[in-house]
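Participant: Sharing a structure here in structure tokens format.
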Protein chains: 2
Amino acid sequence: MAFPKKVKIREVGPREGMQIEKASIATEDKIRLVDLLSECNFPVIEVTSFVSPKWVPEMADAELVAAGFKRHPGTEYQCVYLNSKGIERAQATGKFDLEGVISITASETFSRKNTNRSIEETFEEMDRRISVLEHYNVPISTLTVMTAFGCNYEGDSDLKHVVKLIDRAIKKANDNGIDPEYILLGDTVGWANPVSVENLVGQVQDRWPNKKINLHLHDTRGMGLVNAFVGLKMGVDYFDTSVGGLGGCPFGGFKGAAGNIATEDMVHMCHELGIETGIDLERLLEVTREAEKILGRELPGKVSKGKTLSSYRRNFNI
Amino acid sequence: MAFPKKVKIREVGPREGMQIEKASIATEDKIRLVDLLSECNFPVIEVTSFVSPKWVPEMADAELVAAGFKRHPGTEYQCVYLNSKGIERAQATGKFDLEGVISITASETFSRKNTNRSIEETFEEMDRRISVLEHYNVPISTLTVMTAFGCNYEGDSDLKHVVKLIDRAIKKANDNGIDPEYILLGDTVGWANPVSVENLVGQVQDRWPNKKINLHLHDTRGMGLVNAFVGLKMGVDYFDTSVGGLGGCPFGGFKGAAGNIATEDMVHMCHELGIETGIDLERLLEVTREAEKILGRELPGKVSKGKTLSSYRRNFNI
């Protein structure tokens, strides 16, 4: 098996996890979680969302969280924003390494429900989106593809359709004089399986050999790490994960989003496979337990309960 | 990818799961769980253990469970036994399809702690074991290798050592005129990773091309399904799993760690990959929720919370 030597893990728990959690989390706990995660040496942490508190009330304290957390040298701090207002709010805090993202959604219905725009309208908006990002000097690094593998409204994504959308988006970016380094393939609501990951990643690699892939996977049906493993085998070296697997619905009823793959389980698997992450895994396990205290419930990640294999090996002096 | 067309899933939750659970489960609940599982069309269910109640008090009601459950046509009902007394007890119930197993352990320390015998003593006992099984007309189908990938006392298993042990055990069996059909590779306490699975399964397949492999995996560190996936890709078509991910090994040297891979997640992955199991997955999800009620806690399996993808597809009339 040929794995990358090193992978980049983006911790998205504070943003994506907190957004779906039903419990109302105190601002100071959100800050504390970001600071604890910073101690684990993540290359990237997604901290919060600057979106309308009317739509996402859990993120109404974004400015307070931004003001509170301490920047750790060597970590990039990112956040989500949807429009000029969000960018201005984020930039006003002076705490973020804003990442420029242009985004498309493979499912027409999911696009309308999640962004209030059809796929066609998303493409029509794209020029303006790019000029807004350029206006605010946000470097455009990533083309994000949501529901790249499927969604609960329309089922499995058609591979040709997805590749065509990516092609169109990249052409549009190029027409605007930009060329995103990354294509983020988002399994937004957990429809990917090892074969569909192999097929889509393979197509994207064949067609755009100079672009890098970021896999954003959810563990809705237990295949999250299997899909990540297939990505690793194909050389993918950038993954989004959340501490403890934060973000799943604690009440069993499936509400359209589900937990990301658990950061510590992904990091542990990488280390077992000899792949570097640069992350302090033992510290991360302690942080996972802190996250569980903050959330007031057990999180689904496994390694925080099972311990790392390297912790056993150290005891044998191997 | 070349998967087997069909895989055999052995449900071990009622035996292995119940053995580790801290809650004292009522006999009638144990019986009910076996009966519910029988409705899902498993090819094999491991029901209970006929072992000394002094060592495993959770299994003291083995005879009552055996008397209580209803045999479902098409399902084999197995149980664990360690010696003549266990075989006699199991046979006296008239409810089991006894499987003859000869067993070795790759880790010297685990062998001593779990079976009270060294590896050497296990081999010395083997002739007697075989003659006992033959005396009771129990067909010997399986050579079981415990801690095949590693254990908490001695760390990672050495591949050559494991292959040598298997070789020796098969020779000993052959000397006694028997030739087990299956080699069960047990990741008894969760040390396997995708590479070690590939290596050991590959070696066993190369060396004994006519033998079948049963993978018995635990999900202690979240890699259970990844390891199963690697097995599937290599053509392994027999897996042990437990409903909801129930269980774990009581003698593994740690508490609170994860159990076997969750049956419903494995079955779902197989079905998504186009691999038949013969199991009624939607019924199994209902049974998983019943198992959670019986245990009085949420079980780690994911699909019972996330729903099957095929249930969504049915709604789209695809």
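Participant: Run through the DSSP bridge list for region B:53-160 and note the antiparallel percent, rounded to the nearest 5.
Facilitator: Counting DSSP beta bridges with both partners in region B:53-160, the antiparallel share is about 25 percent.
Participant: Please state the relative contact order of chain B as a whole percent: Cα pairs under 8 Å, 6+ residues apart?
Facilitator: 21 percent
Participant: Can you sort A:Arg15, A:Arg314 from fewest to most other Cβ atoms within 10 Å of each residue's own Cβ?
Facilitator: Ranking A:Arg15, A:Arg314 by Cβ neighbours within 10 Å, fewest first, gives A:Arg314, A:Arg15.
Participant: Okay, next question. In whole Å, what three semi-axes, largest first, describe the equivalent ellipsoid of region A:68-115 built from its Cα gyration tensor (square root of 5 times each eigenvalue)?
Facilitator: Ellipsoid half-lengths, sorted descending, are 27, 13, 9 Å.
Participant: A follow-up question, please. Which distances, shortest first and in nm, link A:Gly278 to the matching position in the other copies, using label points set 7 Å out along Cα to C-beta?
Facilitator: In nanometres, ordered from closest: 5.1.
Participant: Here is a follow-up. Can you give the % of DSSP beta bridges in the protein assembly as shown that are antiparallel, to the nearest 5?
Facilitator: 10 percent
Participant: Near the amide H of A:Lys8, under 5 Å away, which other amide H atoms are found, from residues 5 or more places off or on another chain, if H is placed in the peptide plane?
Facilitator: Correct list: A:Tyr238, A:Phe239.
Participant: How large is ³J(HN,Hα) for each residue in region A:94-109, as worked out from phi by the Karplus curve 6.51 cos²θ - 1.76 cosθ + 1.60 (θ = phi - 60°), to whole Hz, x for Gly and Pro?
Facilitator: Result, ordered by residue: x, 10, 10, 9, 5, 9, x, 10, 10, 10, 10, 10, 6, 9, 4, 5 Hz.
Participant: Quick one: Karplus J couplings for region B:126-140, per residue in order, coefficients 6.51, -1.76, 1.60, θ = phi - 60°, nearest Hz, x for Gly and Pro?
Facilitator: 4, 4, 5, 4, 5, 5, 5, 4, 5, 4, 8, 6, 9, x, 8
Participant: Taking H placed 1.01 Å from N in the peptide plane, check which residues at least 5 places from A:Ile213 or on another chain put their amide H under 5 Å from its amide H.
Facilitator: A:Ile183, A:Asp237
Participant: Using the Cα atoms as the points, what is the convex hull volume per residue of region A:165-226 in Å³?
Facilitator: Hull volume over Cα atoms, normalised by residue count, gives 82 Å³.
Participant: Using only the Cα atoms of region B:101-241, what do you get for the radius of gyration and for Dmax, in Å?
Facilitator: 14.4, 42
Participant: If you don't mind, another one. Could you name the lysines in cross-link range of B:Lys95, using Cα to Cα under 18 Å and dropping any fewer than eight places away on the same chain?
Facilitator: Within the straight-line cut-off, B:Lys95 pairs with B:Lys30, B:Lys70, B:Lys85.
Participant: OK, next. Under the rule a/c < 1.5 gives rounded, and otherwise a/b versus b/c splits prolate from oblate, where does the protein assembly as shown land using the Cα gyration tensor?
Facilitator: It is prolate, given that a/c is not under 1.5 and a/b is the larger ratio.
Participant: Relative to the other copies, what are the label-point distances for B:Ser52, with labels 7 Å from Cα along the C-beta vector, expressed in nm at one decimal and sorted shortest first?
Facilitator: Here B:Ser52 shows inter-copy label distances of 7.1 nm.
Participant: A follow-up question, please. I'd like the Karplus ³J(HN,Hα) series for region A:52-62: coefficients 6.51, -1.76, 1.60, θ = phi - 60°, whole numbers in Hz, and an x wherever there's a Gly or Pro.
Facilitator: 5, x, 5, 8, 10, x, 4, 10, 5, 9, 4
Participant: Longest exposed-loop-site-free stretch of chain A, with GluC sites (Glu not before Pro), DSSP loop and at most 15 other Cβ within 10 Å?
Facilitator: The reported range is A:40-180.
Participant: Right, here's the next one. Taking the Cβ of A:Thr109 as the centre, find all other residues whose Cβ is under 15 Å away and add up their charges (Lys, Arg: +1; Asp, Glu: -1).
Facilitator: Surrounding charge for A:Thr109 is -2.
Participant: Shifting gears a bit: For label points placed 7 Å from Cα toward Cβ, what is the shortest-first list of nm distances from A:Ala92 to its copies?
Facilitator: Ordered by increasing distance: 8.0 nm.
Participant: How about A:Lys6: which lysines have a C-alpha closer than 24 Å to its C-alpha, ignoring those fewer than 8 places off in the same chain?
Facilitator: Result set, ordered by chain and number: A:Lys211, A:Lys212, A:Lys233, A:Lys302, A:Lys307.
Participant: Also, quick follow-up: Which longest uninterrupted range of chain A lacks any chymotrypsin sites (Phe, Trp or Tyr not before Pro) assigned by DSSP to a loop state (not H, G, I, E or B) and surrounded by at most 13 other Cβ atoms within 10 Å?
Facilitator: Of all site-free stretches, the longest is A:56-250.
All of the numbers you see were taken from the coordinates with simple rules; none came from a lab. Predicted, not measured: the structure shown is a model, and the values here were computed from it. All Cβ positions, glycine included, derive from the backbone under ideal geometry; neighbour counts span all protein chains shown.
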